[in-house]
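Undergrad: Pasting in a structure now, in C-alpha cells, and then I'll have a few things to ask.
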Amino acid sequence: MARFVLERVIAAPPAEVFAASLDPALHVRSMARHGETMVEAPTGGVFTEGSTVTWRARHFGIPFRLRSLVFDIDPPRGFRDRQIAGPFGEFLHEHVFEEHPQGTLMRDTVTFHSPFGPLGRLVDRLVMREHLRRLIDERNDTIAAEIEGRGRTLSA
C-alpha cells in the first residue's frame, strides 16, 4: 500500500475548516482544471454520514469514474472517505482537524494501491503517489483560499 500525509495550518477555527472540507461544491471548484464533476451528488448537497458521490475526471488523458463513501464523521475533528467503486484497488482518505495556535491544523492521510499487482505497485511508486499528493494539495489550496480569503483573521 502506498501512503502519504499532508499537513496545513489554516487561519480559521476547526469547525469552519471541517465544514468547508465536507462541501462537495468546493471540491468540484478545487478540481476544475482536471474537469472533475459530480455524476451523482450527495443528497441535500452536502456530505453527511453514509453519503455517496460519483466523480468523473480525466487524469493522464484517461477518463475515470470513482464512487466514494463518506463515513466516520466526527464534527469538527474529522471524517473519512473511501472508494467503493473505481480505478484503485483500494483508496482511503482520512481528514483530521486539530486546534492550532494559528487556527486549524488540517491533516490528510491518503492510503491507496493501484490494481494489477507488481505493475500497479510500480505505477504507485513512480507516478501515482506524487500525482495524488498534488491533487490533495490543490484541494487544500482552494479550501485555504476560500476560508482565509474572506478577509477575516483569528483573534490573537
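The values are calculated or read from the model by the stated rules, or taken from the named source; none is laboratory data. None of the values given here were measured: they were computed from a predicted structure. Virtual Cβ from ideal backbone geometry, glycine too; neighbours counted across all protein chains shown. Heavy atoms of the whole protein, side chains included, go into the accessibility calculation; ligands, DNA and RNA do not. Shrake-Rupley method; radii C 1.70, N 1.55, O 1.52, S 1.80 Å.
Undergrad: Condition check: of a type in the set (Lys, Arg) and closer than 19 Å to residue 140 by Cβ. Does residue 80 satisfy that?
TA: Yes, satisfied.
Undergrad: Right, something else. Test residue 64 against the criterion of being hydrophobic (A, V, I, L, M, F, W, C), on the phi > 0 side of the Ramachandran plot, open to solvent by 30 Å² or more (accessible area, probe 1.4 Å) and at pLDDT below 95, and give yes or no.
TA: Criteria not met by residue 64.
Undergrad: A further question follows. For a quick check of your reading: which strands (runs of 3 or more DSSP E) sit entirely within the stretch 44-155 and have at least 3 residues that are touching a strand residue (DSSP E or B) at 6+ places or on another chain (Cβ under 6 Å) and among the β-branched types (Val, Ile, Thr)?
TA: Hits in the stretch 44-155: 52-59, 103-113.
Undergrad: A further question on this structure: Looking at the stretch 67-79, is at least one residue farther than 15 Å from residue 7 by Cβ, among the acidic types (Asp, Glu) and without any contact (Cβ under 8 Å) to a residue 24 or more places away in the chain?
TA: Checked the stretch 67-79: at least one residue is farther than 15 Å from residue 7 by Cβ, among the acidic types (Asp, Glu) and without any contact (Cβ under 8 Å) to a residue 24 or more places away in the chain.
Undergrad: Can you name every residue in the stretch 15-38 that is farther than 20 Å from residue 60 by Cα and either part of a loop (DSSP other than H, G, I, E, B) or not hydroxyl-bearing (Ser, Thr, Tyr) (or both)?
TA: 15, 16, 17, 18, 19, 20, 22, 23, 24, 25, 26 - these are the residues of the stretch 15-38 that are farther than 20 Å from residue 60 by Cα and either part of a loop (DSSP other than H, G, I, E, B) or not hydroxyl-bearing (Ser, Thr, Tyr) (or both).
Undergrad: Any residue at all in the stretch 141-155 that is more than 15 Å from residue 19 (Cα to Cα), under 14 Å from the mean Cα position of the chain (by Cα) and open to solvent by less than 30 Å² (accessible area, probe 1.4 Å)?
TA: No, there is no match, as no residue in the stretch 141-155 is more than 15 Å from residue 19 (Cα to Cα), under 14 Å from the mean Cα position of the chain (by Cα) and open to solvent by less than 30 Å² (accessible area, probe 1.4 Å).
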